[in-house]
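The values are calculated or read from the model by the stated rules, or taken from the named source; none is laboratory data. This is a predicted model, so every value here is computed, not measured. When we count neighbours, we look across all protein chains shown, and the Cβ atoms used for this are built from the backbone with ideal geometry, even at glycine. What goes into the accessible areas is simple: the full protein's heavy atoms, side chains included, and nothing from ligands, DNA or RNA. Shrake-Rupley method; radii C 1.70, N 1.55, O 1.52, S 1.80 Å.
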Amino acid sequence: MNRLNIITLGTKDIVKSHKFFKQLGFDTSVRGNECNPDIIFFKNEGTRIALYPLEELALDINKKNPPEITSGFPGITLAYNAKSKEEVEEIFKKADLAGAAIQKKPQKTDWGGYGGYFTDLDGYYWEVAYGDIWEFDESNMLIIEDE
């Protein structure tokens with residue numbers, strides 16, 4: 001296994017979460033009824049993201065003994081690598097207007113970049129950061145070289 005195809009985010013309210021991500025600028029594809037979707041796929045570059053009802057996701061993992069649904073820090077962050085400080089600021093403005101909770105306002109980072117964190121409507125942490133030495137490939141993915 002040397003690739004990650006889809007990250008599925010369990011959501012408490014798939015309709016509200018869909019609206020939130022549309023406000024951030026994501027292009028999406030709804031499967032099922034628009035008012036009560038079965039699943040939503042993001043048409044983003046690189047690894048795909050999907051929204052799926054949280055309780056149904058837990059049951060999909062194990063119907064007889066589903067994982068416990070808890071709140072708090074899930075131990076995972078999702079990252080968007082911006083191409084400028086201005087892009088970081090613009091995304092944070094959109095996130096704030098869409099109802100995100102700003103956890104760390106964009107600022108200079110310890111590693112010499114610029115970024116911050118917000119949480120979406122289901123409490124997932126999103127990092128939006130910029131590094132002036134970053135390069136992107138033809139698929140708009142961050143190039144990570146071996147040292």
Extreme residue, most open to solvent (accessible area, probe 1.4 Å), among residues of segment 125-147 that are in contact with a Gly (Cβ under 9 Å, 6 or more places away or on another chain) and part of a loop (DSSP other than H, G, I, E, B): ILE133
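Given the structure, is LEU57 in contact (Cβ under 8 Å) with a residue 60 or more places away in the chain and under 17 Å from ASP122 (Cβ atoms)? Don't jump to the end; show me each part of the working.
Details: in contact (Cβ under 8 Å) with a residue 60 or more places away in the chain: no; under 17 Å from ASP122 (Cβ atoms): yes.
Considered against the rule, which asks whether it is in contact (Cβ under 8 Å) with a residue 60 or more places away in the chain and under 17 Å from ASP122 (Cβ atoms), LEU57 comes out as no.
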Top-ranked residue of segment 13-61 - restricted to ones that are out of contact with any strand residue (DSSP E or B) (no Cβ under 9 Å at 6 or more places or on another chain) and of a type in the set (Lys, Arg), ranked as nearest to ALA95 (Cα to Cα): LYS19
Residues within segment 29-65 that are hydroxyl-bearing (Ser, Thr, Tyr) and more than 11 Å from ILE14 (Cβ to Cβ), tallied: 2
